[in-house]
Structure formats: structure tokens, C-alpha cells
Amino acid sequence: MSEHNVEKDDISGVETTGHDWDGIKELNNPAPRWWLMVFYVCIAFAIGYWVIYPAWPTFSGDNERGGTKGTMGWTEYKQLKDSQAEILARRAQYLGRFEKASFSQIENDEGLRDFAVAGGKAAFKDNCATCHGTGGAGGNGYPNLNDDDWLWGGKIEDIYQTIRFGIRSGDDEARLSEMPTFGGMLTPKQISDVADFVLSKDNPTTPTAIEGKQVFADNCASCHGEKATGGREVGAPDLVDAIWLYGGTKADIMAQVTKPRHGVMPAWEHRLDRNTIRELAVYVHSLGGGEE
Amino acid sequence: MSDGAAPIQFFEKKERVYPKRVWGTYRKLKWVAMITLLGIYYLAPFIRWDRGPHAPDQAILIDMPARRAYFFFIEIWPQEVYYLTGILILAAVGLFFVTSLAGRVWCGYACPQTVWTDLFVWVERIVQGDRAKRLRLAKGPWTFEKLWKMAATHAIWIVIGLLTGGAWVFYFNDAPTLLDQIVHLDVPMSVLGWIIALTGSTYLMAGFAREQVCMYMCPYSRFQSAMFDKDTLIIGYDDVRGEPRGKHKKGETWEGRGDCVDCTACVQVCPTGIDIRNGLQMECIACGLCVDACNEIMDKVGRPRGLIRYDTTHNIEQRAKGLPPKPHILRPRTFWYTAIISVVGLAMLYGLTHRADFELHVLHDRNPLYVTLSDGHIRNGYDIKILNKTHSDQHYALSVEGLEGAKIRIEAAGEPKADNLPVFADSVGHYRLFLTAEKPGEGRVKVIFRLVEKKTGKVDEYSGLFMSGNQ
């Protein structure tokens with residue numbers, strides 16, 4: 001820039017930068033020097049950072065993780081490991097007691113119960129929510145774990161047993177039952193009658209329902225009970241309550257009698273450790289329908 | 001570059017200010033303000049305030065791990081942090097109010113930057129001598145004298161910085177306990193970090209940055225002109241009386257000239273290094289030291305005091321016209337600032353005096369919204385939280401209104417009863433609540449949760465919903 005082009009502001013006597021934005025010009029006042037110092041300090045900080053922490057990528061190294069290592073040897077993997085170790089250490093102070101405590105002891109110990117419910121809740125979302133839903137509310141074909149209707153029992157030990165070995169899971173200890181396919185054994189009329197009887201809640205008034213009562217007594221009562229209230233030893237659902245696993249319309253009931261569906265729950269013993277299964281049992285039991 | 005013109009300076013070297021010692025009304029006021037404010041800052045954490053066995057007995061304490069703040073009789077939970085908003089509003093508007101009346105008195109007397117800078121300049125003067133000596137020392141070569149004087153000054157500054165950072169951490173910890181830890185050099189890392197950071201910032205801000213903070217960092221000095229009007233008290237040089245200025249020898253006439261003898265005393269004492277005779281400037285922190293300096297000179301030359309004085313622009317104009325000064329305190333801006341301060345202050349006072357000893361919060365389960373039971377009844381789940389803000393363990397009775405035949409069940413260890421829920425002193429009780437009732441006609445029913453503190457019979461209510469359908 002030649003000296004002749006230097007333009008000075010009339011009022012302040014300070015030269016301008018020569019830039020013009022819609023008639024607005026900037027005075028070329030110098031910035032304070034400490035401002036420059038801050039800039040140098042930032043550069044020094046950055047260099048220190050490169051030395052201490054991993055900073056620059058390199059062409060070779062551990063697989064895709066090539067880079068300068070930094071003098072501190074810090075990595076995110078190590079940080080993750082540390083924070084996980086911290087969590088495990090915090091769990092350990094409860095886990096020792098939890099391992100030895102019986103379910104009734106856990107139920108009466110605020111600390112242990114809170115620990116089990118919190119752990120169970122997390123494990124439930126990871127493993128159970130796929131079928132039962134994040135809140136355990138289930139859906140068509142997947143039991144709601146919040147209500148008081150239990151196919152295989154709602155005591156905490158029953159729930160533990162079910163989670164551990166599963167239902168029709170193939171495990172030797174699994175809960176196992178199978179409703180016969182009545183499609184070839186009963187006539188369509190008989191199936192319709194028995195559906196009418198089931199819908200009458202053991203109080204048949206229509207002619208078809210009264211006929212259905214006999215069909216029920218001959219074919220169904222051995223598992224579902226004479227009063228159709230179900231049987232837990234074989235996982236037979238209560239048919240007079242307000243809860244239906246596969247739907248409660250006449251068509252739903254006839255479909256289930258003609259060609260029954262059978263849900264399968266895996267045996268979790270092979271996938272989760274004993275403590276996690278016990279935590280899950282306490283959690284599911286706490287959802288509201290747990291039996292004493 | 002031609003004709004030997006100075007090259008463009010991209011960065012300006014800071015001209016260090018060496019304020020001269022001065023004595024007078026405002027200097028005295030500054031000492032009093034400094035001693036009072038520093039006294040409060042250093043001693044306040046040691047004031048005790050008995051709150052019973054379950055709470056700390058420190059009058060002013062911000063307890064981060066326990067999430068409580070204490071200020072004498074006031075105790076604040078994280079839910080009540082809006083008090084902080086109120087305090088900030090009061091502080092801001094209070095600052096505006098004072099500024100519109102009396103100018104930048106905050107800057108001149110009470111701002112920590114001013115107080116600590118003043119203290120550091122005092123140290124500088126005690127060790128190195130007054131302005132002339134300091135200037136000579138700074139310009140002179142590195143002799144042994146300069147070396148030890150500089151070293152002593154900086155050492156004392158760092159000690160003051162340490163004390164400053166050291167006092168700060170007392171507001172966040174039990175002061176006597178922490179003092180004992182510091183004495184035994186057994187300080188937690190977090191506390192040590194704060195002490196080091198504040199030592200560094202005090203040393204840097206009061207030792208080096210000084211008036212640069214006011215000029216470049218502080219937003220307040222930049223927008224103060226918005227609070228100023230013609231009736232705002234400012235430090236002004238009376239140019240009607242002072243000009244034309246010039247040197248004056250003893251015995252010479254004062255006819256035909258101004259009272260200003262151009263001694264530059266006002267410039268030499270200024271902590272921000274400006275010449276007040278150039279008029280009101282952004283750098284002026286209204287500390288009044290130039291007033292003291294000028295009065296001293298006026299006494300010596302036998303002219304009336306007040307050539308530089310606290311005055312309003314309005315009064316200066318009045319005097320120029322030969323009219324008496326007219327104080328004008330009630331103005332729209334002072335009225336509005338007072339009104340805002342009163343409203344916010346009263347709202348906070350109401351909040352504090354009506355602060356409940358306990359609170360009930362009810363959160364409806366979102367998944368599942370409701371559960372159908374085998375007998376057709378509907379059950380809803382809730383998370384309830386009971387905030388016991390008293391300093392003793394309490395029992396509460398919970399009941400529900402607005403839902404016919406509703407049954408309450410508390411799901412927790414040991415099956416506590418809803419009419420006798422224990423919550424420890426100064427803590428939050430958390431319970432799971434199940435509400436069961438026959439399916440109501442509507443999909444959602446409004447229910448009132450009523451919590452009674454059993455000892456006093458005081459009641460808190462929470463309005464919630466009972467769901468039985470997706471509506």
C-alpha cells in the first residue's frame with residue numbers, strides 16, 4: 001500500500017483500513033498486545049496437547065487406529081475401561097450381599113431391593129423388552145407382566161424359575177405344555193359352542209353355550225379346570241378373567257381352539273448370570289402384579 | 001515506507017499506569033470500602049448459624065455434593081434455584097438504579113477488580129515507592145535493588161492471590177474443617193484446583209490486566225452510557241471555570257485566565273491513566289481520586305475547591321448560565337428501576353416467607369399408561385417424591401380424592417403403608433404408588449393426591465390423572 005492511499009478519519013485522526021462497507025469504514029486502531037499474547041499462549045497450549053494426548057494420525061499403526069500416542073498413554077478405550085471398573089466396583093458393594101440374600105430378605109431390605117430393581121430394569125430393557133415391551137406391558141401373544149394374571153405363577157420364585165429355564169424353550173427344566181389341536185377332533189359346531197360357553201364366563205344362558213358347557217367338560221376341563229379358571233401347573237390360562245393373551249372375541253377363541261398358538265420364551269440361564277436373573281425376577285415381581 | 005513514517009502498529013504495547021499517591025475525602029472512602037468489602041469476603045464463611053443436628057452450621061454455604069445452598073435463615077434446594085434468578089435480576093437492576101443516580105460508583109469503589117487492583121497498587125507503592133520512584137525503577141537497568149523490589153512485589157501479590165483463592169473455597173466447604181486441612185496440607189484436588197486457578201486469576205487481573213479489564217473485558221463499562229442522562233452524577237472538569245488553563249506563578253493575577261494550573265495532578269493519580277479534563281470517557285471508573293488531587297492543588301494556590309468534582313451535566317450547564325444547581329432525582333428511569341426492584345424484591349420475599357416445609361410430586365407411569373387386572377379393575381402406577389425440607393425425620397399420610405373406591409398400594413421394601421410414609425430429614429423420599437379402581441366411565445379422571453405431614457397436619461396437594469383408556 002502506498003502512503004498516498006492512506007485515508008485518515010476526520011474526527012479521530014486515525015487512519016482507516018481502506019475497506020468500505022456501504023459507507024461504513026473501520027479505523028485501523030491497533031489491538032492491545034496482550035491479545036497477541038493470548039494467541040501465542042493458545043499455540044503453546046496446542047503443542048503441549050499434541051505431546052501429551054494422541055493427536056496426529058499416522059499411516060501405520062494398530063489397524064485403523066494409527067496415530068501418535070501421547071506421553072500420557074491416554075485412550076478412550078482405557079477411559080471406558082476405567083469407568084466400567086468404577087461401575088463394577090460400585091455394584092460390588094451390593095452384589096456380595098445380594099448373592100447370599102434370599103428373595104424374602106431382598107424384599108425387606110431397601111438397599112438390596114432398590115439395587116435389584118435398578119439392575120433388573122436395565123437387564124429387562126436389554127433382553128426382555130423385544131417381546132414384552134419396555135414397560136413390560138406385552139402385546140398380543142406376549143403376556144403383560146404388570147397385571148395379576150400369571151400363567152405359570154406370580155410368586156418371585158415362580159418368576160425366577162420361568163426366566164431361568166424359559167417356556168417351551170427346549171431346556172430340560174423348561175415350563176412345557178401344549179394345547180391339543182382340536183381342529184380335527186371337534187366339529188366346527190362344537191368349537192363354536194365351546195367358544196360361546198367360554199364367552200359366558202361359566203354362566204351359560206344361550207342354547208349354544210349350554211351345549212358348549214358339555215363340550216368343555218369333556219375336552220377342556222382337565223387342564224383349564226371345571227370352572228374354567230385355568231391351571232398353573234400346566235400353564236393353562238384362566239378363561240373367566242378379563243385378560244386374553246390371544247384376543248377375547250369369539251373368532252379369536254375359535255381360532256385358538258382350532259389350531260392353538262404356543263408362545264416360546266428362551267431359557268435365560270444360558271445367557272445371563274444368576275445375579276442378573278435374580279434381579280430380573282425382583283424387577284418383574286415389582287411391576288405391580290407380583291404375588292406373595 | 002517513505003519519509004520515515006512510523007510503520008503501522010498492528011498491536012499496541014500497553015502503557016503501564018503508575019498512579020500517584022493521593023489523600024482526600026474520596027481516597028478515605030475508598031479505603032473504608034476496601035477494608036469493609038475485603039473483611040466481608042474473608043470473614044463471612046466463618047460466621048456460624050445453628051440449624052440443628054441434620055444441617056451444616058455455616059451461615060453462608062453452597063454445598064455442591066449435597067445440592068443445598070444456605071444463607072443465614074434461607075435454605076435453597078436445587079428446585080428453588082429461581083431465587084438465584086431473582087437475586088441476579090435484583091443485582092442487575094440495582095446496579096442500573098445506582099448508576100442512573102450516582103454514576104459508576106460500583107466501578108469506583110465496590111467492584112472486585114477495583115478493590116484488588118487498589119490493594120495491589122498499594123503493595124507496589126509500599127515496596128517500590130511512589131509514582132516517580134516506580135517510573136524510574138521501571139525504566140532503569142536491572143540492578144540488585146530493582147531485582148529484589150520486583151521480586152518482593154510479585155511475591156506479595158501471589159500471597160494475596162493465594163489468600164483470595166483460599167477464601168473462595170471456604171464458601172463451598174465447612175470453613176473450619178477446610179482451614180484445618182489447608183494448614184495440614186491435606187487439601188482435596190478439586191479445592192486445590194480452585195485455589196490455584198483463583199490465585200492465578202487474581203495475580204493476573206489485579207497485577208497486570210488492571211484497567212485493561214475495565215476497557216476490554218467488562219461489558220458494563222461499555223453499556224453504562226445507556227443508563228446515563230443529564231442528571232446522572234459524573235466526575236466532571238468544570239471547563240467554564242478552568243479554561244484557559246496555564247502555569248501560574250505565586251502572586252500573578254487570576255484575571256483573564258482559568259483556574260486550572262495545568263499541574264497534571266489529576267492525570268498522575270488516575271488509576272486508568274486518562275485525563276479527566278478531556279470530558280467524560282469510557283475509561284473513567286468514577287473513583288474520585290482526581291477530585292482529591294485537584295482539591296489539594298486548589299487549596300495550595302488559594303482557589304476554591306471543586307474544579308474537578310462529582311456533578312451532573314445538568315448542573316454544570318446551570319452554573320454556566322449563572323443559575324443555581326437543581327437536583328433532579330425523580331426521573332422516569334429512576335422510577336422504573338425502583339418499580340422493578342420493588343416488584344422482584346416483593347415477589348422473592350413472598351416466595352421465601354411462603355416456602356413450604358415439604359412438597360409432593362407425582363409422576364404418572366408412561367409405559368404402561370394403565371393395566372387391566374384379571375377382575376376387570378384398572379390399575380395405574382405413579383412415582384411419587386416427597387421433599388422433606390425440615391431438619392427432622394417426618395411421617396406423611398397420603399390419600400387420593402376424586403376416584404371412587406380407589407385402593408392405594410405402596411410398592412417398596414418392607415411394604416410401608418400409605419398413611420404412614422417415612423422420609424428422612426432434609427431429603428427426598430421416593431415411593432412407587434399403585435392406584436386400583438373399577439374401570440371409570442371416562443378414559444381419564446382427574447384425581448387429587450393429598451399429602452399430610454403427620455406432626456403438624458400441614459397439607460400439600462398434587463393434581464394428577466387416572467387413566468383407563470387411550471383418549
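What do you reckon, is A:A85 closer than 19 Å to A:L280 by Cα and small (G, A, S)? Against the criterion (closer than 19 Å to A:L280 by Cα and small (G, A, S)), A:A85 does not qualify. Suppose we filter B:V127, B:V115, B:V121 for residues that are in a helix (DSSP H, G or I), within 27 Å of B:M64 (Cβ to Cβ) and at pLDDT 90 or above; which single one remains? Of the residues listed, the single one that is in a helix (DSSP H, G or I), within 27 Å of B:M64 (Cβ to Cβ) and at pLDDT 90 or above is B:V115.
If you filter region B:157-210 down to residues that are crowded, with 19+ Cβ neighbours inside 10 Å and not in a helix (DSSP H, G or I), you find that the one that is farthest from the other protein chains (Cβ to nearest Cβ) is B:N173. Within region B:415-431, one or more residues are of a type outside the set (A, V, I, L, M), farther than 25 Å from A:S104 by Cα and outside the structural domain of B:H54 (by TED's automatic domain parsing). Name every residue in region A:236-291 that is aromatic (F, W, Y) and over 20 Å from B:N367 (Cα atoms), in order of residue number. A:Y246, A:W268, listed by residue number.
Listed by first and then second residue, the pairs linking a residue in region B:137-158 that is among the hydroxyl-bearing types (S, T, Y) to a residue that is surrounded by 12 or more Cβ atoms within 10 Å (Cβ to Cβ) and assigned to a helix (DSSP H, G or I), with Cβ atoms under 6 Å apart and 6 or more places separating them unless they lie on different chains, are B:T153/B:E124; B:T153/B:V127. Here A:C223 clears all of (1) in a loop (DSSP other than H, G, I, E, B); (2) touching a residue at least 40 places away in the same chain (Cβ under 8 Å); (3) surrounded by fewer than 19 Cβ atoms within 10 Å (Cβ to Cβ) except the condition numbered (1).
Looking only at residues in region B:302-326 that are among the hydrophobic types (A, V, I, L, M, F, W, C) and surrounded by fewer than 14 Cβ atoms within 10 Å (Cβ to Cβ), the one that is farthest from B:C107 (Cα to Cα) is B:L323. If we scan region A:265-284, do we find a residue that is within 14 Å of chain B (Cβ to nearest Cβ), under 25 Å from B:T372 (Cβ atoms), modelled with pLDDT under 95 and within 31 Å of the chain's Cα centre (by Cα)? Among the residues of region A:265-284, not one is within 14 Å of chain B (Cβ to nearest Cβ), under 25 Å from B:T372 (Cβ atoms), modelled with pLDDT under 95 and within 31 Å of the chain's Cα centre (by Cα), which makes the answer no.
In region A:251-258, is there at least one residue being without any contact (Cβ under 8 Å) to a residue 12 or more places away in the chain, small (G, A, S), surrounded by fewer than 17 Cβ atoms within 10 Å (Cβ to Cβ) and farther than 30 Å from A:E99 by Cα? The answer is yes, given that some residue of region A:251-258 is without any contact (Cβ under 8 Å) to a residue 12 or more places away in the chain, small (G, A, S), surrounded by fewer than 17 Cβ atoms within 10 Å (Cβ to Cβ) and farther than 30 Å from A:E99 by Cα. Taking residues in region B:385-411 that are hydroxyl-bearing (S, T, Y), and partners anywhere that are in a loop (DSSP other than H, G, I, E, B), the pairs with Cβ atoms closer than 6 Å and at least 6 places apart or on different chains are B:T390/B:D357; B:S392/B:A425. The set of residues in region B:8-44 being within 14 Å of chain A (Cβ to nearest Cβ) and in contact (Cβ under 8 Å) with a residue 12 or more places away in the chain consists of B:K14, B:E15, B:R16, B:V17. Scan region A:161-206 for residues that are among the small types (G, A, S) and in contact with a strand residue (DSSP E or B) (Cβ under 9 Å, 6 or more places away or on another chain) and the total you get is 4.
Of all residues in region B:401-411, none satisfies being under 21 Å from B:R444 (Cβ atoms), buried (at least 19 other Cβ atoms within 10 Å of the Cβ) and within 14 Å of another protein chain (Cβ to nearest Cβ). Checked against the criteria, A:Y142 counts as of a type in the set (F, W, Y), surrounded by fewer than 20 Cβ atoms within 10 Å (Cβ to Cβ) and within 25 Å of A:G248 (Cα to Cα). Would it be correct to say that B:D292 is under 22 Å from B:D262 (Cα atoms) and loosely packed, with under 15 Cβ neighbours inside 10 Å? Here the answer is no, as B:D292 does not meet what is asked.
Annotation: B:E283 fulfils all but one of (1) assigned to a loop (DSSP other than H, G, I, E, B); (2) more than 25 Å from the chain's Cα centre (by Cα); (3) not basic (K, R); the unmet one is (2).
Scanning region A:121-155 for residues that are of a type in the set (S, T, N, Q) and assigned to a helix (DSSP H, G or I) gives A:N127, A:T130. In summary, A:D158 fulfils each of the numbered conditions (1) under 23 Å from A:H262 (Cβ atoms); (2) buried (at least 20 other Cβ atoms within 10 Å of the Cβ) with the single exception of condition (2).
Scanning region A:247-262 for residues that are closer than 28 Å to A:F165 by Cα, out of contact with any Gly (no Cβ under 6 Å at 6 or more places or on another chain) and either at pLDDT 95 or above or more than 14 Å from every other protein chain (Cβ to nearest Cβ) (or both) returns A:Q256, A:V257, A:P260, A:R261, A:H262. A Cβ distance below 7 Å, combined with a sequence gap of six or more or placement on separate chains, defines the contacts here; from region A:9-29, residues that are within 14 Å of chain B (Cβ to nearest Cβ) and surrounded by 10 or more Cβ atoms within 10 Å (Cβ to Cβ) reach residues that are among the charged types (D, E, K, R) and part of a loop (DSSP other than H, G, I, E, B) in the pairs A:E15/A:E7; A:T16/A:E7; A:T16/A:D9; A:G18/A:E7; A:L27/A:D9.
Of B:Y370, B:Y382, all but one fail to be surrounded by 13 or more Cβ atoms within 10 Å (Cβ to Cβ), within 12 Å of chain A (Cβ to nearest Cβ), touching an Asp or Glu at 6+ places or on another chain (Cβ under 8 Å) and aromatic (F, W, Y); the exception is B:Y382. Of all residues in region A:226-246, those satisfying the criterion of being outside any helix (DSSP H, G or I) and either in contact with a Gly (Cβ under 7 Å, 6 or more places away or on another chain) or surrounded by fewer than 14 Cβ atoms within 10 Å (Cβ to Cβ) (or both) are A:E226, A:K227, A:G231, A:A236, A:P237, A:D238, A:L239, A:A242, A:L245, A:Y246.
Exactly one residue out of B:G457, B:G443 is without any contact (Cβ under 8 Å) to a residue 40 or more places away in the chain, out of contact with any Asp or Glu (no Cβ under 8 Å at 6 or more places or on another chain) and under 30 Å from B:Y70 (Cα atoms): that is B:G457.
What residue, among those in region B:211-231 that are more than 14 Å from chain A (Cβ to nearest Cβ) and in a helix (DSSP H, G or I), is nearest to B:P19 (Cα to Cα)? Once the filter is applied, the top-ranked residue is B:S221.
Report yes if some residue within region B:263-271 is small (G, A, S) and touching a Pro at 6+ places or on another chain (Cβ under 6 Å); otherwise report no. Within region B:263-271 (the criterion being small (G, A, S) and touching a Pro at 6+ places or on another chain (Cβ under 6 Å)), the answer is no, since none of the residues qualifies. For B:W142, are the conditions met, namely being outside any helix (DSSP H, G or I), surrounded by fewer than 20 Cβ atoms within 10 Å (Cβ to Cβ) and of a type outside the set (S, T, Y)? Answer is yes for this residue. Among the conditions (1) at positive phi; (2) within 14 Å of chain B (Cβ to nearest Cβ), the only one that A:G225 does not satisfy is (2). Among the listed residues B:G4, B:G39, B:G52, which satisfies the condition of being over 21 Å from B:R131 (Cα atoms) and at pLDDT below 80? From the options B:G4, B:G39, B:G52, the qualifying one is B:G4.
The values are calculated or read from the model by the stated rules, or taken from the named source; none is laboratory data. Being a predicted model, the structure only gives us computed values, none of them experimental. Using ideal geometry, Cβ is built from the backbone for each residue, glycine included, and neighbour counts are taken over all protein chains shown.
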